[in-house]
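Down below is the structure, laid out as structure tokens.
A short reminder: the numbers here are calculations on the coordinates, not readings from a lab. A quick note: this is a predicted structure, and the numbers were derived from the prediction, not measured. Backbone-built Cβ (ideal geometry, glycine too); neighbour counts: all protein chains shown.
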Amino acid sequence: MTDSQIDARHFRNVLGHFPTGVTVVTGLDSAGDPHGVTIGSFVSVSLDPPLVGFLPGTSSKSWQAIAESGSFCVNILAAGQDELCWKFAKEPAAGETSKFAGVDWTASETGSPILPGTTGWIDCAVEVVHEAGDHLFVVGRVHGMSHADDVDDAMVFFRGKVASVNMPTA
Ligand SMILES: Cc1cc2nc3c(=O)[nH]c(=O)nc-3n(C[C@H](O)[C@H](O)[C@H](O)COP(=O)(O)O)c2cc1C
């Protein structure tokens with residue numbers, strides 16, 4: 001089968017049957033303004049050295065802005081953070097210039113936004129960026145990370161919908 005025989009909608013449908021976690025990758029542009037984009041393609045890459053990665057589309061406006069600073073923070077969404085998931089997966093709301101309007105955040109050591117209520121965050125410096133078709137494979141070196149002890153359930157994206165892991169509490 002050649003590349004051109006793979007229908008784009010079928011590709012999306014089949015890949016939508018692979019459940020992923022959901023993250024919001026955040027960072028600052030060169031003017032110091034915050035940007036963020038919802039990303040499911042986050043992956044652990046290497047323990048020594050500590051590297052993680054994700055794949056933004058080449059047309060991702062937020063990644064183009066974040067890349068200016070050379071740093072980013074991966075915020076791992078908890079179950080129930082649907083609003084953040086969809087907010088950062090769209091253009092800024094009508095009448096707003098930033099997706100961060102009305103969103104609380106604190107700065108990581110590299111300045112990237114840390115969102116509240118997540119299951120954890122990973123603060124990185126860009127190590128290398130590879131071209132991968134219509135996406136980029138961004139590899140980051142981890143400079144700081146933390147997980148929450150009081151968040152019980154994570155967000156999962158499956159067949160176009162957000163759900164939760166439904167972790168048993170006992
Ligand atoms: C659950 C979920 C996961 C997503 N994962 C990715 C991803 O890994 N890479 C990507 O380029 N877009 C991904 N998207 C789509 C982007 O969030 C969306 O295209 C966004 O509007 C891009 O915004 P930007 O142009 O501000 O960067 C995902 C969307 C959702 C809802």
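Take each of the peptides 71-77, 144-150, average the number of other beta-carbon atoms within 10 Å over its residues, and list them starting from the highest. Provide the component values of the computation, followed by the final result.
On the way: 71-77: 26.3, 144-150: 11.3.
Ranking the peptides 71-77, 144-150 by packing returns 71-77, 144-150.
Under the criterion of Cα pairs below 8 Å and six or more residues apart, the relative contact order for the chain equals 26 percent.
Order of SER46, SER69 from fewest to most other C-beta atoms within 10 Å? Working shown, then result.
On the way: SER46 13, SER69 19.
Ascending Cβ contact count within 10 Å gives the list SER46, SER69.
Proximity of backbone amide H atoms, modeled 1.01 Å from N, is registered between GLY120 and ILE76, ALA148 at under 5 Å, excluding neighbours fewer than 5 places apart on the same chain. Each Lys or Arg adds one and each Asp or Glu takes one away; over the other residues whose Cβ falls under 14 Å from the Cβ of HIS143, this sums to -2.
In a simple Cβ point-charge model (Lys, Arg +1; Asp, Glu -1; nothing else charged), the chain has a dipole of about 500 debye relative to its Cα centre. Kindly identify the chain as rounded, prolate or oblate by the Cα gyration tensor criterion: order the square roots of the eigenvalues as a ≥ b ≥ c, call it rounded if a/c is under 1.5, otherwise compare a/b with b/c, prolate if a/b is larger, else oblate. Note, shape of the chain comes out rounded.
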